[in-house]
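The structure appears below as structure tokens.
No value in this document is a laboratory result; all are computed from the given coordinates. All values derive from a computational prediction rather than experimental measurement. Heads up, the Cβs are rebuilt from the backbone with ideal geometry, glycines too, and the neighbour counts pull from every protein chain shown.
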Amino acid sequence: SYTEKTHMDPHSLTETHLSQLCETIKKELNSSIKPLRDVSQYYFDGQGKYIRPMIVLLTAEACNTHTSKNRKILPSQTTVVMVSEMIHTASLVHDDVIDGADTRRGKTSVNKMFGERMSVLAADYILACASQALAKLGNSEVVELLARVVDDLVKGEFMQLGSKENPDERFNHYLEKTYKKTASLIACCCKAVAVFGDCDPEVQEIAFQYGRNIGMAFQVVDDILDFIASEGEMGKPTATDLRLGLATAPVLFACEQYPDLNALIMRRFKGPNDVEEAREAVYKSDGIARSYTLASQYAKEAVKQINKLSSSSQRDALITITQQILQRRK
Ligand code: FPP
Ligand code: MG
Ligand code: MG
């Protein structure tokens, strides 16, 4: 879709920096073992959305402007921007092994291309390189923040493995899982750049809350798109969550209208016709609409948070991103 190139357009404000990101990351992944280099660099091909580094970069500049009137990004903040994409990609490589994915971003998935064993090691290697880049900055608060992110990613992914929780706790379980698997990375990286910008604790908290809320909105929309978007649009197969046994927001809302879904959720849609039945119930219900309402609430809160910062094009671009996330089709 056509985006007007204005002073507050997130893409035009970040394209110079982000166009170099993949090359910068590939330089970090400089193992002398050629296959390890090849596998670990495979997803750094310029085809990603780079939504995380974009948000983290704009947050750094918005916080810098707020705190010192000098928007210029610091080297330490640039490292956090890079690390946000590296940790994300490491988690995607592991995720594709766990999910047995065939495609990602319109190309053959890393696990199908190189096999599971090499993929697991390559993801560990990406994570190791990201950790080293971060540790070199010598800020133990930020190291702890990002270690917490990895801890959350693992626990969020682990929470997805089982769904034996009782129906009353299911929605909270979903929100906690969503925070851990998606929002924590964005929130903590936004906070980390505020820490490096020497910002007051209140500003660090604003950055964190902006990141947390936009991260939640992003994942809820992702869960909606799994129901309503096509593989061609997304560059990865859709309608996969049910087949993977996952009950996300649209099904959880639908279940309130169609309590028969409870049994299907409990057996992780493993019955012969469960996936089709659950999809139909979601479409018949207002599950998609209510999920969009939920995502909008998070987006609204993200805007409220970031509006506490003083005015800048970067701040306004961060507001634009919240709207784009609600409208996105991929
Ligand atoms: C994508 O989910 C997956 C994540 C956002 C996080 C995955 C986390 C891990 C595998 C834990 C281990 C990570 C590290 C760094 C040690 P999805 O399957 O819903 O999305 P998809 O449709 O893009 O595959
Ligand atoms: Mg997956
Ligand atoms: Mg997954």
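Computed values, structure above
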read-out	value
Which of Tyr42, Ala60, Ala128, positive extreme of dipole for region 28-144 (C-beta unit charges)	Ala60
Electrostatic dipole magnitude of region 248-287 [Cβ: Lys, Arg +1; Asp, Glu -1; Cα centre; debye, to 20]	200
Packing-based ranking, highest mean first, of 106-117, 247-258 given that Cβ atoms within 10 Å are counted	247-258, 106-117
Sorted peptide list for 57-64, 284-291, criterion being average Cβ within 10 angstrom, highest first	57-64, 284-291
On Cα atoms only, tilt of 287-306 relative to the major axis of the chain in degrees	20
Amide H within-cut-off set for Arg104, under 5 Å, with H built and near neighbours excluded	Ser109
Segment Gln297-Glu205, extension gain: residue separation times 0.36 nm, minus the distance between their alpha carbons	31.2 nm
Whole-Hz couplings from phi, Karplus 6.51/-1.76/1.60, listed for region 48-60; x for Gly and Pro	x, 7, 6, 5, 5, x, 5, 5, 5, 4, 5, 5, 4
Residue-by-residue Karplus 3J(HN,Hα) for region 144-159, coefficients 6.51, -1.76, 1.60, Hz, glycine and proline x	5, 4, 7, 5, 4, 4, 5, 4, 5, 4, 5, 5, x, 5, 5, 4
Lys/Arg +1, Asp/Glu -1 at C-beta; region 189-246 dipole; positive extreme among Val220, Gly245, Phe208	Gly245
Calculated from backbone phi, Karplus (6.51, -1.76, 1.60) coupling profile of region 9-23 in Hz, x at Gly/Pro	6, x, 6, 5, 6, 10, 5, 4, 5, 6, 5, 9, 4, 4, 5
Charge dipole magnitude, Cβ of K and R +1, D and E -1 - region 199-319, Cα centre, debye nearest 20	120
Region 1-80 versus region 187-206: alpha-carbon centroid distance in Å	18
Charge dipole magnitude, Cβ of K and R +1, D and E -1 - the chain, Cα centre, debye nearest 20	600
Listed residue pairs exceeding 22 Å between alpha carbons, taken from Lys107/Lys330; Lys191/Lys330; Lys191/Lys308; Lys72/Lys180; Lys69/Lys308; Lys26/Lys49	Lys191/Lys330; Lys72/Lys180
Value in Å of the Kirkwood radius, where region 77-163 supplies the Cα pairs that are averaged	13.8
Selected from Pro259, Ile288, Gly271, residue furthest toward positive end of dipole (region 163-296; charges at beta carbon)	Gly271
Phe269 long-range amide H proximity, modeled H, under 5 Å	none
Ranking of Ser119, Ser140, Ser40, Ser84 by count of other Cβ atoms within 10 Å, fewest first	Ser140, Ser119, Ser84, Ser40
The chain - mean residue ellipticity at 222 nm from DSSP helices (-39,500 (n - 2.57) per run, n ≥ 4, rounded to 500)	-22500 deg cm²/dmol
